[in-house]
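The values are calculated or read from the model by the stated rules, or taken from the named source; none is laboratory data. Note that this is a predicted model, so its numbers are computed, not measured. No Cβ is skipped: glycine too gets one built from the backbone with ideal geometry, and neighbour counts run over all protein chains shown. Note: areas computed on protein heavy atoms with side chains; ligands, DNA, RNA excluded. Shrake-Rupley method; radii C 1.70, N 1.55, O 1.52, S 1.80 Å.
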Amino acid sequence: MAELPPYPPIEPSEFDLVIVGTGLPESILAAAASAAGKSVLHLDPNPFYGSHFASLPPDDLSGFLDHPRPSSPDAAAAASGGDDLAAASIDLRSLYSDVEISSFAPETLEQHSRKFSLDLSGPRVLFCADKAVDAILKSGANQYVEFKSIDASLVCDKGGNLVNVPDSRAAIFKDKSLSLVEKNVLMRFFKLVQQHFSGDGESDRISEEDLASPFVEFLAKMRLPEKIKSVILYAIAMAGYDQEDKEACKIVISTKEGIERLALYHSSVGRFANAVGALIYPMYGQGELAQAFCRRAAVKGCIYVLRMPVIALHIDKESGEYRGVRLGSGQDIFSHKLVLEPSFTVPSSRGLLPQNSLMENAQVKAKMARGICILTSSLRPDESNFLIVYPPRSLYPEQVTSVRVLQIGGNLAVCPSGMFVLYLSALCDEASQGKKILHRAINALMNLDDSEISESTPASTVQTEEARADPLILWRALYIQELTAGQVGTVSSTPMPDGSLGFNDALNATVKLFQTIYPHEPFFPETPAEDPEDDGALSVET
């Protein structure tokens with residue numbers, strides 16, 4: 001076991017809030033609590049920011065997936081904080097499994113290894129008009145992060161062709177894949193949704209009965225063609241499950257949810273002058289978002305210490321309530337509240353984590369299959385950054401969940417110039433199902449036969465340059481991520497990255513946690529700009 005580097009004592013030793021882990025939910029929470037005037041100590045046992053939302057070089061990402069936490073001293077050796085306190089151990093759980101790392105050109109990767117910044121929880125983007133962007137602006141974190149636009153959004157049709165997602169009236173008229181009848185039907189539907197949100201009278205609004213019904217039934221009621229229904233359900237409303245299959249669909253999108261997502265997509269187009277579509281992505285990877293909120297928290301007085309594990313909790317012997325933590329350095333820190341990132345668990349016998357979930361659909365037992373490929377060239381000759389959605393049944397008949405694919409190029413500083421990073425994800429029940437979906441999607445993207453990329457590649461396989469299966473792929477990682485909802489109590493935990501394409505669900509869970517801990521404090525109060533030259537805008541580069 002490697003010894004921890006010597007650390008000077010943390011002063012003060014008492015805080016309003018201690019947060020362990022620097023993932024995006026924890027970092028937003030630290031920034032919000034610091035902005036509310038709370039004293040916050042923010043720790044991370046890792047040498048980097050971001051936790052499960054980090055962006056890392058290939059070797060660091062592989063190491064995190066296999067061993068997500070550095071080793072720490074035995075918690076049993078932790079002394080109590082006094083006669084009235086008892087030490088309780090903290091358990092670590094692995095939230096990743098079935099990890100396959102394949103390097104097809106190790107020498108090339110070695111030359112450029114530190115130039116890669118790979119998202120651990122990709123694919124993930126921001127809608128220009130979503131709550132996460134509003135939080136970035138309201139908190140002032142926009143001073144520390146820049147974005148680029150996603151060039152195109154595409155969806156696979158039943159014929160296996162990739163077609164553009166019509167995200168505006170102009171796009172509908174220009175789309176040559178739509179017939180005149182389909183264009184008129186789609187225009188009428190978009191107008192109906194617009195009237196629902198902007199109309200004054202009841203006649204302009206969709207009925208409450210329709211709003212409560214499944215979105216797929218409402219689209220059928222509107223007599224939308226199957227092709228248009230698929231685009232709206234899976235490439236705009238971003239449904240994760242087959243909405244037509246009642247038995248397989250674990251999360252049914254209501255009409256209310258569906259038209260809200262449609263309105264979000266529509267309002268995202270054109271919000272920022274330099275964004276060509278609805279979606280943007282942070283320069284240097286999504287890990288920059290967590291770091292931006294951490295920087296904002298530090299400005300407000302939050303204290304940061306990396307490479308610092310928490311090895312035990314201090315519990316009041318009489319009441320059984322949480323009082324503080326024992327650090328890996330041996331120091332005792334005391335606080336009113338504690339928030340742990342999702343890898344940490346407290347023994348249930350302590351009763352410190354009540355079953356109050358932070359996330360909707362927490363009862364759904366599912367996993368996320370994620371994949372990352374480093375490519376030598378773009379999948380589309382004229383575009384670097386784009387999103388592709390494969391709706392259910394578009395890859396093979398038994399496919400019951402959507403596959404989302406995001407390609408990011410070197411112009412976003414996530415890889416060397418001329419290379420590209422490909423992210424894939426799909427909800428699944430079992431690892432074998434998830435891996436099958438990802439392999440089929442990779443085969444379709446590379447125009448390969450299903451036999452050309454094995455679906456049973458052994459874990460941690462490393463292939464030589466001569467043996468590589470496809471000339472486009474330099475490196476590939478496939479893995480299964482657990483979905484956890486997060487809990488709220490005296491000791492709370494944050495959720496894992498969910499199955500969404502955006503960050504709204506993670507933000508909503510963080511707001512809920514903040515408001516539970518500090519019910520009388522505003523979530524990022526309105527304050528005058530500290531920098532007179534900062535206009536409060538989001539920087540979206542061309």
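Do we have Val155 as of a type in the set (Val, Ile, Thr), closer than 27 Å to Ile408 by Cα and not in a loop (DSSP other than H, G, I, E, B) here?
So Val155 passes the test.
Would a scan of region 69-85 turn up a residue that is modelled with pLDDT under 95 and assigned to a strand (DSSP E or B)?
yes
Which one of these is closer than 18 Å to Val405 by Cβ and basic (Lys, Arg): Lys158, Lys183, Lys138?
Just one listed residue meets the conditions, Lys158.
Inside region 258-287, can you point out the residues that are among the small types (Gly, Ala, Ser) and more than 20 Å from Asn385 (Cβ to Cβ)?
Gly258, Ala263, Ser267
Quick test for you: out of Val252, Val155, Val216, pick the one residue that is under 23 Å from Gln399 (Cβ atoms) and either out of contact with any Leu (no Cβ under 8 Å at 6 or more places or on another chain) or open to solvent by 30 Å² or more (accessible area, probe 1.4 Å) (or both).
On inspection, the qualifying residue turns out to be Val252.
Can we say Ala369 is outside any strand (DSSP E or B), modelled with pLDDT of 95 or more and open to solvent by less than 10 Å² (accessible area, probe 1.4 Å)?
So Ala369 does not fit the description; no.
May I ask you to say which residue of Val540, Val491, Val511 is at pLDDT 70 or above, touching a strand residue (DSSP E or B) at 6+ places or on another chain (Cβ under 9 Å) and surrounded by fewer than 20 Cβ atoms within 10 Å (Cβ to Cβ)?
Unique residue meeting the criteria: Val540.
Does Ala278 meet the test of being among the aliphatic types (A, V, I, L, M), surrounded by fewer than 17 Cβ atoms within 10 Å (Cβ to Cβ), closer than 30 Å to Gln194 by Cβ and out of contact with any Gly (no Cβ under 6 Å at 6 or more places or on another chain)? It would help to see each step written out before you state the result.
Numbers: among the aliphatic types (A, V, I, L, M): yes; surrounded by fewer than 17 Cβ atoms within 10 Å (Cβ to Cβ): no; closer than 30 Å to Gln194 by Cβ: yes; out of contact with any Gly (no Cβ under 6 Å at 6 or more places or on another chain): yes.
When the stated conditions are applied, Ala278 does not pass them.
So if I check each of Arg296, Arg307, Arg326, which one is open to solvent by less than 40 Å² (accessible area, probe 1.4 Å), basic (Lys, Arg) and under 22 Å from Pro25 (Cα atoms)?
The unique qualifying residue is Arg296.
List, please: which pairs have Cβ atoms under 7 Å, are six or more places apart or on different chains, and start with a residue in region 174-194 that is under 22 Å from Gly160 (Cα atoms) and open to solvent by less than 50 Å² (accessible area, probe 1.4 Å) and end with one that is assigned to a helix (DSSP H, G or I) and modelled with pLDDT of 85 or more?
Glu182/Ile228; Leu186/Ile228
Provide a single number: the residues in region 98-116 that are out of contact with any helix residue (DSSP H, G or I) (no Cβ under 7 Å at 6 or more places or on another chain) and either closer than 14 Å to Val414 by Cα or crowded, with 17+ Cβ neighbours inside 10 Å (or both).
Qualifying residue count, region 98-116: 8.
Count, please, the residues in region 300-323 that happen to be in a strand (DSSP E or B) and not aliphatic (A, V, I, L, M).
Going through region 300-323 one residue at a time, the tally reaches 5.
So is Ser267 outside any strand (DSSP E or B), more than 30 Å from Ala35 (Cβ to Cβ) and open to solvent by 10 Å² or more (accessible area, probe 1.4 Å) or not?
So Ser267 does not fit the description; no.
Got at least one residue in region 276-299 being part of a loop (DSSP other than H, G, I, E, B), closer than 19 Å to Ser394 by Cβ and not aromatic (Phe, Trp, Tyr)? Give the steps one after another, and end with the answer.
Keep residues of region 276-299 that are part of a loop (DSSP other than H, G, I, E, B), which gives 276-278, 283-286.
After this cut, where a residue has to be closer than 19 Å to Ser394 by Cβ as well, the list is none.
The answer is no; no qualifying residue exists.
For region 495-508, which residues satisfy the criterion of being in a helix (DSSP H, G or I) and surrounded by 23 or more Cβ atoms within 10 Å (Cβ to Cβ)?
Result: Ala506, single match.
Could you list, in sequence order, all residues of region 387-420 that are among the hydroxyl-bearing types (Ser, Thr, Tyr) and touching a residue at least 60 places away in the same chain (Cβ under 8 Å)?
Tyr390, Ser394, Thr401, Ser402
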